[in-house]
Amino acid sequence: MYGYEWTEEYGIFRLTIDAKLQKEIRPVFHEELDFFGMDAYWDYPKDNTAPLLWAEGIRRYVMNGVCVAEAQGGGFYTRPTIMLLTEERLQLKPVDTKRLYQVNRSLMMALEQKEIRFIQEQHAKYVQQGFSFICAFSGGKDSLVLLDLIAKALAPTDYYVVFSNTGMELKTTLNAIEEAKKRWSTLRFEEAKCHMEPTESWDEFGPPSRRMRWCCTVHKSVPTILKLREITGNYNAKAVVYDGVRAEESARRAKYDKVSVSVKNISQINCHAIIEWNTAEVYTYLLSHDLLMNDAYRIGLFRVGCMVCPMSSEWWDGIANTVYSDEMTPLISRVEHYAKNAKQTESRKYVENGGWKARVGGKGLDNGGNRTKEIVDNNSFIISITKPRQDWFDVARILGVFVEQTKKGFIQRIGLQNYECRISHDSDIMTVSYYPFSQMDRFVISRIRGVANKVAYCIGCKACMVQCPTGAYTIQSDGRTVIRENLCTHCYNCIEFTDRSCIVADNMRVPEGGFMNMKGLDPYHHFGFRQTWLTHFIDEGLECFTKGVLGTVQYSALKVWLKDADMIEMLKAGNTSTISITSLGDKLVRMGAYNPLVWAIIWVNICYNSTICHWYCLNSEPGATYEKGDLVMMLGDSYSKSNRENSITALTETLRQSPIGSALKQGIPIELTKNTFSYFREGWDYPHAVALLYALYLYAEHTGRRTFSFTELINAHSNMDAQGISPHDIFGIDAKVFREQVQGLAISYPTYIRVSFVANLDNIILDDHTSNDILDLAEND
């Protein structure tokens, strides 16, 4: 909430609204300095539990506001190193944490009282609605602050403290949990734990990734809800969960509302009580109240949680796997196994540099692959399932009641329509058909497909169980699905809560081609699409290619970029090649090279036509920061290293030297050192209306449909066979904002787009125009 500024007192900062410093900050203890062997260069006491100095931005060691050393490097196999920035032999001393609080007492007291009131207000609001209350406790710094505030705000019998033991925590975290139980001995502590061990779930799902964080669902959210049902004795229990999520942790979390309803689960409301707090405030509170119980912070870890995590940094990996290698080996060995299976010739480097963290499909997984195939034949919808894991009749009761058995099969009532269902088995393949296909709408088709995915992939992780509001959906101890027909209302929550109706299916599928492959990875000879190049083209037209302002290879790259942007077309007639400006190109030329809308249209088109931009659009995550090396490793090693590096250079140069990076926020360049950058894909939350409408029309043209659902657009990136790219993915738009934007388009351009507010904005209908027509709207403004 507040920034901080350094005072003249040793190690003391002052919180203030006018402060220039807004970086993450953490205390540095003697254990971390010992780890790096800093006692050879600095003098400091080792018999005191107080911090000795601070680190800004995780790696920059600061003494009295002056950076005296900086850490570099790190990875699973490499510990970071320290670069001294002063030759002076420093004399460190303990920071007076009581004085730190005293300097900031008025602001800290105001923060504490504000959050205590918030906690009490939410309790008063939801207790009348029959909600139970949980303090989500992880043993980390943020949940320690949260727990102390809740203990001050509510009576011990008002809530439960639930530790979601994922089985992947470090021992220091488990020790912190025990210390917390002693300190708050009157509170009701409970432990929620998945029925699957981490090694078992990792073998089934594969390593989690930034896009496939199944681990949070399977090992945290689901066990917590099941534990609540157990301790309350109420299957329909609804919970308000106070958690320690903070906006400073990521760009995505910065967009969270303070109260989130049914985001993680239909039965759950999340209250982010300290979402506005920064690390300076968190540590001021913890240190002054003697609450920093987790020793992992004392060796330099700035966050605690799962020991092997796709969201961790090289710094975290380098320290944790050095200090806690015995604990981490079982999971790291599974990452290494995945890397080798994925045919990564540089598998060790792939693991070290975090390439595995970008996994988006089942390639390289022992259980990976597509187990379902579907066709329509003779008015029947037919799905074949290889090596099914569940019985069709057990799961298909979700769809509706089986009302009759015939000589040929069964009659099942789905909605208001009866369908004939036939099932046959041949070796390890199950074939299921539903007739008549002509009577099915897209919802019935989607739900039958969802059942097929559950039958093909389900391992009984219980993620579906907590989506059921009536207790009809159950997973038996042997992993078998049982639907209690007397309780099932056919609400389809258990099918529609995730992309493919089963989170195992989400993780296991692999692309079957899709509308674009990765051929032609680098047709740009490592040159990006620069704003100066577009200006040159707009000023000179096609004559620019004869001016000699750029080199021959650069002109060649420019031609490809303009072609991928659909601004020019190149035609061959015998041995003669001609270049002409397209109708779209004419319109963009008239708008000018400095118009953000022009670059937005270019970005939409190159996301379709440029292999590397298409890949980046679908595989980089809004809210994430990537260095060039990260992106190279994420590409895998199906291509030569030079080819990968050249294509990423073309991409990052485009982000850095055109408005696509900063203005459209698709990769804001952040200078690390001279000529070295990282790229923050914040996402263009409020895109130009014409650009958004253009992207929707282009999606329609590529899919061949002018009607589609909002849900389809939100989940399009997970459909590996999709023919179009959703504007949600192209621009990295927040889902909530995207919905508002689409609604706004329908109001502003009613003759171009209509929306049907069925099932929370379900249908989007485009009129009979082309994507090229949409640009006329901008020209007419």
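The values are calculated or read from the model by the stated rules, or taken from the named source; none is laboratory data. In this text the structure is predicted, and so the values were computed from the model without any measurement. Please note: Cβ atoms are built from the backbone with ideal geometry, for glycine as well, and neighbour counts cover all protein chains shown. The area values use the complete protein model at the heavy-atom level, side chains included, leaving out ligands, DNA and RNA. Shrake-Rupley method; radii C 1.70, N 1.55, O 1.52, S 1.80 Å.
Of all residues in segment 739-756, none that is hydrophobic (A, V, I, L, M, F, W, C) has its Cβ atom under 6 Å from the Cβ atom of a residue that is surrounded by fewer than 15 Cβ atoms within 10 Å (Cβ to Cβ), 6 or more apart or on another chain. When segment 490-529 is filtered for residues that are out of contact with any Cys (no Cβ under 9 Å at 6 or more places or on another chain), more than 24 Å from residue 655 (Cβ to Cβ) and modelled with pLDDT of 90 or more, the ones remaining, listed by number, are 490, 492.
Yes/no matrix, rows are residues, columns are (1) open to solvent by less than 40 Å² (accessible area, probe 1.4 Å); (2) not in a helix (DSSP H, G or I):
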{"position": "227", "(1), (2)": "yes, no"}
{"position": "236", "(1), (2)": "no, yes"}
{"position": "241", "(1), (2)": "yes, yes"}
{"position": "245", "(1), (2)": "yes, yes"}
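Selection within segment 425-445: residues that are in a strand (DSSP E or B) and either open to solvent by 60 Å² or more (accessible area, probe 1.4 Å) or not hydroxyl-bearing (Ser, Thr, Tyr) (or both). The member of this set that is nearest to residue 379 (Cα to Cα) is 435.
Condition first: among the small types (Gly, Ala, Ser) and crowded, with 19+ Cβ neighbours inside 10 Å. Now tell me which residues in segment 586-595 satisfy that.
Taking segment 586-595 and keeping what is among the small types (Gly, Ala, Ser), we get 592-593.
Across segment 586-595, the qualifying residue is only 593.
Among the listed residues 376, 351, which satisfies the condition of being outside any loop (DSSP other than H, G, I, E, B), surrounded by 21 or more Cβ atoms within 10 Å (Cβ to Cβ) and among the aliphatic types (A, V, I, L, M)? From the options 376, 351, the qualifying one is 351. Tell me, yes or no, whether segment 403-411 has at least one residue that is at pLDDT 90 or above, surrounded by 18 or more Cβ atoms within 10 Å (Cβ to Cβ) and either assigned to a strand (DSSP E or B) or touching a helix residue (DSSP H, G or I) at 6+ places or on another chain (Cβ under 8 Å) (or both). No, segment 403-411 contains no residue that is at pLDDT 90 or above, surrounded by 18 or more Cβ atoms within 10 Å (Cβ to Cβ) and either assigned to a strand (DSSP E or B) or touching a helix residue (DSSP H, G or I) at 6+ places or on another chain (Cβ under 8 Å) (or both). One residue stands out among those in segment 626-662 that are touching a Leu at 6+ places or on another chain (Cβ under 6 Å) and buried (at least 21 other Cβ atoms within 10 Å of the Cβ): the one that is nearest to residue 342 (Cα to Cα), which is 644. Of the listed requirements (1) in contact with a His (Cβ under 9 Å, 6 or more places away or on another chain); (2) more than 30 Å from residue 203 (Cβ to Cβ), residue 407 misses just one: (1). Taken as a whole, segment 526-539 holds no residue that is under 17 Å from residue 450 (Cα atoms) and in a helix (DSSP H, G or I).
Here residue 356 meets each of (1) at pLDDT below 95; (2) open to solvent by less than 60 Å² (accessible area, probe 1.4 Å); (3) within 24 Å of residue 482 (Cβ to Cβ) with one exception, condition (3).
Please find, within segment 78-93, the residue that is surrounded by the most Cβ atoms within 10 Å (Cβ to Cβ) out of those that are of a type outside the set (A, V, I, L, M) and part of a strand (DSSP E or B).
Here is the first cut: in segment 78-93, the residues of a type outside the set (A, V, I, L, M) are 78-81, 86-89, 91, 93.
Now narrow it down to the ones that are part of a strand (DSSP E or B): 78, 81, 91.
On the way: 78: 14, 81: 12, 91: 9.
In this case the residue turns out to be 78.
Looking only at segment 161-180, which residues are among the aliphatic types (A, V, I, L, M) and in a strand (DSSP E or B)? Once the filter is applied, which keeps residues that are among the aliphatic types (A, V, I, L, M) and in a strand (DSSP E or B), segment 161-180 yields 161, 162.
Residue-wise test of (1) of a type in the set (Asp, Glu); (2) over 23 Å from residue 774 (Cα atoms); (3) in contact with a Lys or Arg (Cβ under 9 Å, 6 or more places away or on another chain).
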| residue | (1), (2), (3) |
| --- | --- |
| 547 | no, yes, no |
| 570 | no, yes, yes |
| 579 | no, yes, yes |
| 583 | no, no, no |
| 587 | no, no, no |
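This table checks each residue for (1) open to solvent by less than 50 Å² (accessible area, probe 1.4 Å); (2) closer than 30 Å to residue 732 by Cα; (3) modelled with pLDDT of 95 or more.
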residue: 185; (1), (2), (3): no, no, yes
residue: 189; (1), (2), (3): yes, no, yes
residue: 208; (1), (2), (3): yes, yes, no
residue: 212; (1), (2), (3): yes, yes, no
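Each residue in segment 666-713 was checked for being under 21 Å from the mean Cα position of the chain (by Cα) and either part of a helix (DSSP H, G or I) or crowded, with 22+ Cβ neighbours inside 10 Å (or both), and 11 of them qualify.
Do you know which residues across segment 191-206 are surrounded by fewer than 18 Cβ atoms within 10 Å (Cβ to Cβ) and either under 13 Å from residue 462 (Cβ atoms) or among the polar types (S, T, N, Q) (or both)? 193, 195, 199, listed by residue number. Of the set (1) in a loop (DSSP other than H, G, I, E, B); (2) among the charged types (D, E, K, R); (3) crowded, with 17+ Cβ neighbours inside 10 Å, all apply to residue 454 but (1). Considering only residues in segment 545-599 that are among the charged types (D, E, K, R), in contact (Cβ under 8 Å) with a residue 40 or more places away in the chain and not in a loop (DSSP other than H, G, I, E, B), the one that is nearest to residue 660 (Cα to Cα) turns out to be 564.
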